[in-house]
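Participant: I'd like to ask some things about the structure below.
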Amino acid sequence: MPDATLLDQVKDFANRADPYPIYAKLREHPVSRQDDGTEAGTWVAATHGAISSLLHDPRVSSETLPPADRPRTGNPLTDLIVKPLKDWMMDRHRVFIFRDPPDHDVLRASVMHQFSRARVQAMRARSERLVADLLNEKCGAREIDAVDDLAYPLPVTVICELFGVPREDEPKFHGWATQLATALEPDSLSDREIRDANSRTFDAIGGYMADLIKEKRRHPQDDMLSGLANEATPEGAKMGDYDLIATSILMLVAGHETTVNLITNGLLTLLRHPDELERLRQDPRRAPRVIEELLRYEPPVQFRTRRTLSAIDVAGVTIPEGADLVLLLASGNRDGAVFPDPDRFDPDRAGIRHLGFGGSLHYCVGAPLARFEAEAALTALASRLKAPRLIEDPPPYRSGAALRGPEHLRVAIDGIL
């Protein structure tokens, strides 16, 4: 069996800049049990084949969150009556990435009905205008921070506009989203301080969304939240208030947290491969190829967690019932059995069957939008930055291991065209 501490090494911040050598060691065993201090341990799938098999296995559950347990207030009435009721409601109305069929399917169908091709396509041109405006604001600068100056403000503006969030309220989502994104980190589920902070943040953003939903029902507009609040799917499904609040929070948080990483990881990779940056500058039509290879090579979501509903035989190993799973998507993307020369960044690679957006029932709802935004950002950066070069390599990284990307990406430039 492989070293029982490899998963700990993946989560260790010291390895955030380059976890890929650890993934390579884990791939020596497609599925392995990692010692997490419990009797059952945590089971890790590291090869493309094992991950794909488990993503499509109905015996694998996404309902991995522990029971809700809001922090106590010290008020006996609140703690004995209100708190248990709120905990029960939260457990009943999880965001749909943490729910299994049939609930997951009904909620996802409602979102997909509103996430229409026409609505998403309209955001392509809007993304390009936003990128142009953001870069124009930096004209005359000799340094930019790709995160603060572009990769963050672009997707948060896009998703807020898509959902009809008033522009003046967009800054509120930065702190909320950063905090709630920790729910994807495995260790946060057992960290009392993080769980309490997430509960308080969820209540804050939930209160905001409840008020906004009421406004959308009184005065519907042409946005996704108005549609979700007022319209049923062709099958007659319509979200109740609690599911609508949870789904809105999920879309607003996931709608920009992952795209920030995709754009920033993308620019970092291109700056490390100046020949590919120049090719993109010369031919912007290469952008779709570049984005797909980036989703394989440096995906914004490195892994997701699951739990087995029964024993599962995969890759010669039996994973027991009730086991905690980690699906190392980024490791599967570097599997040499599927991708020749997997550690080479190659946008001309044929047949990229990457796991950058997950797979099966939980394939990323916002994948088309993320692709448009990354394409708009990276083509503009390639064509408009004069002589860009990294100031720090590796750059400082955000704390998360699951949602992995630079916290800042400082780039020296000779100007902006």
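The values are calculated or read from the model by the stated rules, or taken from the named source; none is laboratory data. Everything quoted here is computed from the prediction, not taken from an experiment. Cβ coordinates were reconstructed from backbone atoms using ideal geometry, including for glycine residues, and neighbour counts include every protein chain displayed. Heavy atoms of the whole protein, side chains included, go into the accessibility calculation; ligands, DNA and RNA do not. Shrake-Rupley method; radii C 1.70, N 1.55, O 1.52, S 1.80 Å.
Participant: Roll a 1.4 angstrom probe over the protein heavy atoms and tell me the percent of accessible area of the chain that is carbon or sulfur.
Facilitator: So the carbon and sulfur contribution to the accessible surface is 53 percent.
Participant: Among the listed pairs Lys11/Lys386; Lys138/Lys214; Lys86/Lys172; Lys11/Lys83; Lys83/Lys172, which have their C-alpha atoms separated by more than 28 angstrom in this model? Intermediate results must be reported in sequence, preceding the final value.
Facilitator: On the way: Lys11/Lys386 36 Å; Lys138/Lys214 38 Å; Lys86/Lys172 23 Å; Lys11/Lys83 32 Å; Lys83/Lys172 25 Å.
As for pairs spanning more than 28 Å Cα to Cα, those are Lys11/Lys386; Lys138/Lys214; Lys11/Lys83.
Participant: Find the accessible area per residue for the chain; the probe is 1.4 Å, ligands and nucleic acids are left out, and the unit is Å².
Facilitator: Ligands and nucleic acids excluded, the figure is 43 Å² per residue.
Participant: Quote the FRET efficiency, to the nearest 0.05, computed for Asp313 versus Ala387 with a Förster distance R0 of 60 Å and r equal to the Cβ-Cβ distance.
Facilitator: The formula returns an efficiency of 0.60 here.
Participant: Which distance in nm do the two modelled labels at Trp88 and Arg218 give, with both placed 7 Å along the Cα-to-Cβ direction?
Facilitator: Modelled inter-label distance: 3.1 nm.
Participant: Under a GNM of the chain (C-alpha, springs under 10 Å), which listed residue has the highest mean-square fluctuation: Pro347, Pro166, Pro368?
Facilitator: Answer for the Gaussian network model of the chain: Pro166.
Participant: I've got another one for you. Can you work out the Karplus-derived ³J(HN,Hα) for every residue in the stretch 235-249? Use 6.51 cos²θ - 1.76 cosθ + 1.60 with θ = phi - 60°, whole Hz, and x for glycine or proline.
Facilitator: Residue by residue, the stretch 235-249 yields 7, x, 7, 8, 6, x, 4, 5, 5, 5, 4, 4, 5, 4, 4 Hz.
Participant: Where is the GNM fluctuation largest for the chain (alpha-carbon springs, 10 angstrom cutoff): Ala14, Ala46, Ala380?
Facilitator: Ala14
Participant: Now, a different point. Hey, what do the phi angles of the stretch 316-325 turn into as Karplus ³J(HN,Hα) couplings, whole Hz, using 6.51/-1.76/1.60 and θ = phi - 60°, x for Gly and Pro?
Facilitator: Karplus values, whole Hz, x for Gly and Pro: x, 10, 9, 8, x, 4, x, 7, 7, 10.
Participant: Report the net charge of residues surrounding Ala237, where surrounding means a beta-carbon distance below 13 angstrom and charges are Lys +1, Arg +1, Asp -1, Glu -1. If you can, show how the numbers build up before the last one.
Facilitator: Numbers: positive: Arg108, Lys238; negative: Asp103, Asp105, Glu231, Glu235, Asp243.
Once all neighbours under 13 Å are counted, the net charge is -3.
Participant: Kindly state, to the nearest 0.05, the FRET efficiency for Asp275 paired with Thr73, given R0 = 60 Å and r defined as their beta-carbon distance.
Facilitator: On the way: r = 59 Å, r/R0 = 0.98.
E(calc), rounded to 0.05, equals 0.55.
Participant: For a quick check of your reading of the filter: which chymotrypsin sites (Phe, Trp or Tyr not before Pro) in the stretch 67-141 sit in a DSSP loop and have no more than 12 other Cβ atoms within 10 Å?
Facilitator: Details: sites: Trp88, Phe96, Phe98, Phe115; in loops: Phe115.
Passing sites in the stretch 67-141 do not exist.
Participant: Continuing with the same structure: How big is the antiparallel share of DSSP beta bridges in the chain, given as a percent to the nearest 5?
Facilitator: Counting DSSP beta bridges with both partners in the chain, the antiparallel share is about 85 percent.
Participant: Continuing with this model, one more query. Determine the calculated [θ] at 222 nm for the chain from helices alone, applying -39500 (n - 2.57) to every DSSP H run no shorter than 4 residues and normalising by the residue count; nearest 500 deg cm²/dmol.
Facilitator: Values: 15 runs with 191 residues, N = 417.
Value at 222 nm, helices only, nearest 500: -14500 deg cm²/dmol.
Participant: On to the next question. What are the ³J(HN,Hα) couplings of the stretch 83-88, residue after residue, when phi is run through the Karplus curve with 6.51, -1.76, 1.60 and θ = phi - 60°? Round to Hz, x for glycine and proline.
Facilitator: 4, x, 5, 5, 4, 5
Participant: Projecting each Cα onto the charge dipole of the stretch 207-269 (Lys/Arg +1, Asp/Glu -1 at the beta carbon, about the Cα centre), which of Leu225, Leu262, Ala210 comes out farthest on the positive side?
Facilitator: After comparing all options, I get Ala210.
Participant: Another question about this same structure. With a cut-off of at most 16 other beta carbons within 10 Å, and DSSP calling the residue loop, which GluC sites (Glu not before Pro) in the stretch 230-260 qualify? Please list them. Let's see the in-between values first.
Facilitator: Working: sites: Glu231, Glu235, Glu257; in loops: Glu231, Glu235.
Those that pass, being in a loop and sparsely packed, are Glu231, Glu235.
Participant: Please identify the GluC sites (Glu not before Pro) of the stretch 39-133 that satisfy two criteria: DSSP loop assignment and at most 11 other Cβ atoms within 10 Å. Which are they? Present the calculation step by step, with values, prior to reporting the outcome.
Facilitator: Numbers: sites: Glu39, Glu63, Glu128; in loops: Glu39, Glu63.
Answer in residue order: Glu39.
Participant: From the square roots a ≥ b ≥ c of the eigenvalues of the alpha-carbon gyration tensor of the chain, which class results: rounded (a/c under 1.5), prolate (a/b over b/c), or oblate? The partial results should precede the final answer.
Facilitator: Numbers: a/c = 1.60, a/b = 1.10, b/c = 1.46.
It comes out oblate by the Cα gyration axes.
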